[in-house]
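Comments concern the structure below.
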Amino acid sequence: MFAVVSVPGLTALILIILAVVFLLIVFSFVPIGLWISARAAGVKVGVFDLIGMRLRRVSPAKIVNPLIKAEKAGLTTPVSKLEAHYLAGGNVDRVINALIAAERANIPLSFERAAAIDLAGRNVLEAVQMSVNPKVIETPIVAAMAINGIELKAKAKVTVRANIDRLVGGAGEETIIARVGEGIVTTVGSSGTHKEVLENPDRISKTVLSKGLDAGTAFEILSIDIADIDVGRNIGAALQTDQAEADKRIAQAKAEERRAMAVAREQEMLAAVQEMRAKVVEAEADVPRAMAEAFRNGKLGVMDYYNMMNVVSDTKMRESIAGSPSSQNDKK
């Protein structure tokens, strides 16, 4: 049958269950394992510190693990600074790694400086590594034209080292590439012929380095090497050809304008001649009427008329013998 449990035994069982539930809640809220790891590494972090991190919505693992790493590397970093950097949106683990790398490379770097660089959006660990191991930046192909009109295409490799003091507020790789390209264009453009640059490509490096192109950037330029240089188009000849073609079209347009004006003047002259001929024909049509009027008025006699006709006939005969244009025009 069923066993009967006494009241004291039931109370003890309930207390045990409540204790187990309480311990589970405490262990889920307080990372005991993380606290044990910190104490074993010599990091002074109390249980109440871990509880405070939970209350401040800070992940204890992201604070304690970097703290253990820093303690083993011999760095002293207050927990409050790590929490403040985490709450500001920084990467605590990356900052600690950068501090350890800088300490091993004898690079002066404080926690405040590293945290500022990290909050500025730059990779502080990569910057420290670049300070130890310089980076090579390869520029795209830059086209420039010498004074003689020949185009040169050059590509450079820039060896840079991160300048930690100028990482906050300093320009990035794009500025370095743009300034090197400007130096290439200046050097090639100031050369009399493209052969001068081909014979001494180090002129580009010297010109670029002399301009101090790393000013205001987060890098320090160590060297600039011309990786490749090729001859491009003869831009000067192409420009002269285009100019000659443009001049030719202008001359043709002006000649066409003069021809059109000449044709217009000729048309005006022809119109004037035709008008004069019309007036002559009209005047000749009035001659018979004038002669008839002279006969009626007695101002012209028969002998006068015959003499005039003789003169006209004699004039036509002379013109036909001489072959003058006026006689040919009359025949026509």
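The values are calculated or read from the model by the stated rules, or taken from the named source; none is laboratory data. In this text the structure is predicted, and so the values were computed from the model without any measurement. A quick note on method: Cβ atoms are made from the backbone with ideal geometry, for glycine too, and the neighbour counts reach across all protein chains shown. Each accessible area value is taken on the protein alone, full model and side chains, heavy atoms only, with ligands, DNA and RNA left out. Shrake-Rupley method; radii C 1.70, N 1.55, O 1.52, S 1.80 Å.
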Within the range 188-205, take every residue that is surrounded by fewer than 19 Cβ atoms within 10 Å (Cβ to Cβ) and among the hydroxyl-bearing types (Ser, Thr, Tyr) and give me the one that is nearest to residue 220 (Cα to Cα).
190
Would you pick out the residues in the range 92-106 that are open to solvent by 60 Å² or more (accessible area, probe 1.4 Å) and not in a helix (DSSP H, G or I)?
106
Whether any residue in the range 111-122 is touching a residue at least 60 places away in the same chain (Cβ under 8 Å) and either part of a helix (DSSP H, G or I) or under 21 Å from residue 165 (Cβ atoms) (or both) is what I want to check.
yes
Go through the range 169-187 residue by residue and tally those that are surrounded by fewer than 19 Cβ atoms within 10 Å (Cβ to Cβ) and touching a helix residue (DSSP H, G or I) at 6+ places or on another chain (Cβ under 8 Å).
1
For the range 165-173, state whether one or more residues are within 17 Å of residue 228 (Cα to Cα) and either among the basic types (Lys, Arg) or touching a Ser or Thr at 6+ places or on another chain (Cβ under 8 Å) (or both).
no
Quickly run through the range 309-325 and pick out the residues that are surrounded by 10 or more Cβ atoms within 10 Å (Cβ to Cβ) and modelled with pLDDT under 75.
324
Hey, among the residues in the range 13-51 that are among the charged types (D, E, K, R) and exposed (fewer than 14 other Cβ atoms within 10 Å of the Cβ), which one's modelled with the highest pLDDT?
44
